[in-house]
Amino acid sequence: MLRPVLLLIISALTVPAYADDCPNAQTAKLGFVLERQGTRAEIRPSSDHFVHVVNFYPGGKTQNVIYYRGFFPISRFDDTARSINIPISDIRTIFPLQPKARRALTYAPARPDKVGELISLELTVTGQEQMQIGTCSYNVLIVKNRFLNADGKSTYEHTDLYSPELGFILAKRYDEKGGAQTTMKYQSIKPLGKTSPL
């Protein structure tokens, strides 16, 4: 009689009770995984507000990226390319990000053999919205990025959807011709410690 009861308890414990667990401000510090169309990103917060991300792409390519507070890419290394963004202005002044905030950052893009011309990045938090990723929901800040070259001419724009709770960009939004917008976001999220072993 005791054996069936024990087996029932053990089987209940081995069922992944965390299937719908959603990383939050506390558990995100231990890392989490984002997935989209065969691509997996393992996010590991580090010390002093830096975040290490390992991107695994279909076909076996792996990329390592270091972000400042999960927002600004400091370095990006993979099998074929290495790039570094060298902040010239104080990157710490970008945060905290909040609705209606306006920030600016100047940095130099560099490769191992070359430093490029300075780029100015203007950040404007235009609002916030609720974003659904799988069964999880997060409040994200809508951060418009405007890049300017050394002459002050705008060269590129896009919008980041940044989760202050997780400290990471969950989606990017691009303006298309005719006023349409395309949003590229992750499809699932789960705690890093609860992923299946390879």
**Prompt:** Once you sort the root eigenvalues of the Cα gyration tensor of the chain as a ≥ b ≥ c, which label holds: rounded (a/c under 1.5), prolate (a/b larger than b/c) or oblate (the other case)?
**Reply:** prolate
**Request:** Taking the Cβ of residue 111 as the centre, find all other residues whose Cβ is under 14 Å away and add up their charges (Lys, Arg: +1; Asp, Glu: -1).
**Result:** 0
**Prompt:** Which residue fluctuates the most in the chain, going by a Gaussian network model with Cα springs under 10 Å, if the choices are 113, 90, 175?
**Reply:** 113
**Asked** Based on Cβ point charges of +1 for Lys and Arg and -1 for Asp and Glu, what charge dipole magnitude is obtained for the chain about its Cα centre, in debye rounded to the nearest 20?
**Response** 100 debye
**Prompt:** Looking at region 80-135 from every direction and averaging, what is the projected area of its Cα convex hull in nm²?
**Reply:** 6.3 nm²
**Asked** Roughly how tilted is helix 2-14, in degrees to the nearest 10 and between 0 and 90, from the longest Cα axis of the chain?
**Response** 10 degrees
**For region 21-187: relative contact order, % (alpha-carbon pairs under 8 angstrom, 6 or more apart)** = 14 percent
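Read-outs: derived from the displayed coordinates by stated rules, not from any lab. Note that the structure is a prediction, hence the values are computed from the model and not measured. When we count neighbours, we look across all protein chains shown, and the Cβ atoms used for this are built from the backbone with ideal geometry, even at glycine.
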